[in-house]
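The values are calculated or read from the model by the stated rules, or taken from the named source; none is laboratory data. If you're wondering where the values come from, they're calculated on a predicted model, not measured in any experiment. Neighbour counts run over all protein chains shown; Cβ positions are idealised from the backbone, glycine included.
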Amino acid sequence: MKNGDNYCRVCNAELKLAVPFGKMPIANGYLTKDDFDKEYFFELQLGFCPNCYMVQLMTQPDREKMFHENYAFFSSTSARMAAHFKEFADLVIKGYLQSANSFVVEIGSNDGIMLQHFANSGIRHLGIEPSANVAQVAIDKGIRTITRFFDEQLAGEIVEEYGQANAFLGANVMCHIPYLHSVVAGVNILLKPEGVLIFEDPYLGDILEKTSYDQIYDEHAFYFSVTSTSYLFEQHGLEVVDVQPQNVHGGSMRYVIAHQGARPVSIAVVAQRAKEDALGLRNAETFEGLRKNIEHSRDALLNLLRNLKQNGKRVVGYAATSKSTTVTNYCGITSDLVEFISDTTPIKQGKYSPGAHIPIRPYAEFQARYPDYALLFGWNHAEEIIAKEQQFKAAGGKWIVYVPKVQVVG
Ligand code: JHZ
Ligand code: SAH
Ligand code: ZN
């Protein structure tokens, strides 16, 4: 394997630079004033592999800089996501865990948002979650969790201690792991002959169609499509047997993977690959288009925010999402244009946003004095958020959204 930032982490071909974002901080690296001068930055560059079509970051910070005992993202902050993961768990229990003594493993299990349903049903389970603070929340709920990064080595240790798994799950974690070959080799070891890996991640097709460029940040090492994902698993004697689009996180894809030949391949896999060809996921020019769309989106958002400021309007950010770090830093949005960002997560409150250093304030401050405009950094939760903010609307408040295009609503 060639090393360095210019080679595909899946097939080793030379990457093409698709979108350069400039220097970026750690997306979840909320900080205090004392730490401003020590802040870490890296070059955020989206790369396209012309051989296996995997879209990926060219440079990635060390995993320990992102996932540690002060990780700022707790999964259970959205009611919609809690419901989504209950449905996911129910589907796995009914479809794959009906035999006695079934065993389910989840990587990136975070605060136990999904695994709690297996634990509550008395199913043998194991969570693998390297960020110790979020893992502790799960452990306190009685969910068996180990604080480690998953890889091939750990898969061997798990099989020795617990045996192989009927189901191996991951939501918004597979695309976070740069050393995918070790992970997939681990999946091979861990899965029973009839076992399945089911995982979901933000879908490249949605990112292109919606110009949701804020999905691009340090933690997201890969931007999967059915085409590129199939290539990866085939290298390891595994295959994609089903794909199911999911209406969460701005458009995700759920992949069902099995040992080659173990299960029939759904026509949805073939159909989705045809859609990807039509969308141009195998053409470098598609990504030149993305780059232009991103530049237009940035200009439109900046124009809007500058106009509002000139007109004396108060603008506050709603939800200090990881995604907002890309938007604020790429567009150059500071507290000059956005007074503060309201967020419900205690660990983020009282700190400053990465790079742009916009203050993060408790949600109560948003409610206490509504701004004229709320910039919806949590646009992926728009339905849930707009529904519960009827009072803001009644008070004359308006939403600014920037996906799929920059506009004012409400
Ligand atoms: P949300 C994270 O992305 C990081 P983020 C990670 N890389 C990933 O892929 C996805 O999650 C799964 C706040 N909030 O879910 C709470 C409100 O304040 O879009 C959280 O700080 N009020 C693993 O960070 C933040 O939003 C609300 O009403 O982009 C979560 O943002 C709601 C619903 C959320 O994830
Ligand atoms: N599944 C949850 C959490 C996603 S956050 C959800 O969808 O909401 C991504 C999680 O993956 C983080 O908690 C992070 O600590 C964890 N993670 C990162 N690298 C990992 C690895 N190599 N193995 C297992 N978990 C990992
Ligand atoms: Zn490749």
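Worth pointing out:
- Residues of region 246-267 satisfying the condition of being within 16 Å of ligand 2 (Cβ to nearest atom) and out of contact with any His (no Cβ under 8 Å at 6 or more places or on another chain): ASN247, HIS249, GLY250, GLY251, SER252, MET253, ARG254, TYR255
- Test: residue in region 208-218 that is in a strand (DSSP E or B) and closer than 30 Å to PHE287 by Cα: no
- From the options GLN260, GLN246, residue that is modelled with pLDDT of 95 or more, more than 25 Å from GLY355 (Cα to Cα) and within 16 Å of ligand 1 (Cβ to nearest atom): GLN246
- Residues being within 16 Å of ligand 2 (Cβ to nearest atom) and over 27 Å from GLY289 (Cα atoms) - total across region 24-60: 3
- If the condition is being surrounded by fewer than 17 Cβ atoms within 10 Å (Cβ to Cβ) and at positive phi, then region 158-190 contributes only GLY163.
- Selection count, region 64-89, where residues are farther than 30 Å from TYR40 by Cα and either within 9 Å of ligand 1 (Cβ to nearest atom) or of a type in the set (Phe, Trp, Tyr) (or both): 5
- Number of positions in region 90-114 that are within 14 Å of ligand 1 (Cβ to nearest atom) and at positive phi: 2
- Applying the condition of being of a type in the set (Lys, Arg) and more than 30 Å from ALA284 (Cβ to Cβ) to region 43-93 and asking which residue is farthest from the chain's Cα centre (by Cα) yields LYS86.
- LYS210 being among the basic types (Lys, Arg) and either within 16 Å of ligand 3 (Cβ to nearest atom) or over 26 Å from GLY22 (Cα atoms) (or both): no
- Evaluation of GLY29 against (1) farther than 24 Å from LEU169 by Cα; (2) more than 17 Å from the chain's Cα centre (by Cα); (3) not acidic (Asp, Glu) (one fails), failing number: (2)
- The set of residues from region 112-144 being surrounded by fewer than 17 Cβ atoms within 10 Å (Cβ to Cβ), more than 20 Å from the chain's Cα centre (by Cα) and in a helix (DSSP H, G or I) comprises ASN120, GLN136, ASP140.
- For region 253-306, the set of residues classified as not hydrophobic (A, V, I, L, M, F, W, C) and not in a helix (DSSP H, G or I) consists of ARG254, TYR255, HIS259, GLN260, GLY261, ARG263, PRO264, SER266, GLY280, ARG282, ASN283, listed by residue number.
- Hits in region 347-393 - residues which are closer than 29 Å to GLU69 by Cα, surrounded by fewer than 17 Cβ atoms within 10 Å (Cβ to Cβ) and of a type in the set (A, V, I, L, M): ALA364
- Taking each residue of region 13-39 that is surrounded by fewer than 17 Cβ atoms within 10 Å (Cβ to Cβ) and looking for partners that are at pLDDT below 95 with beta-carbon atoms closer than 7 Å, six or more apart or interchain, yields GLU14/ASN6.
- Within region 184-205, tally of residues that are assigned to a strand (DSSP E or B) and under 27 Å from ASN380 (Cβ atoms): 7
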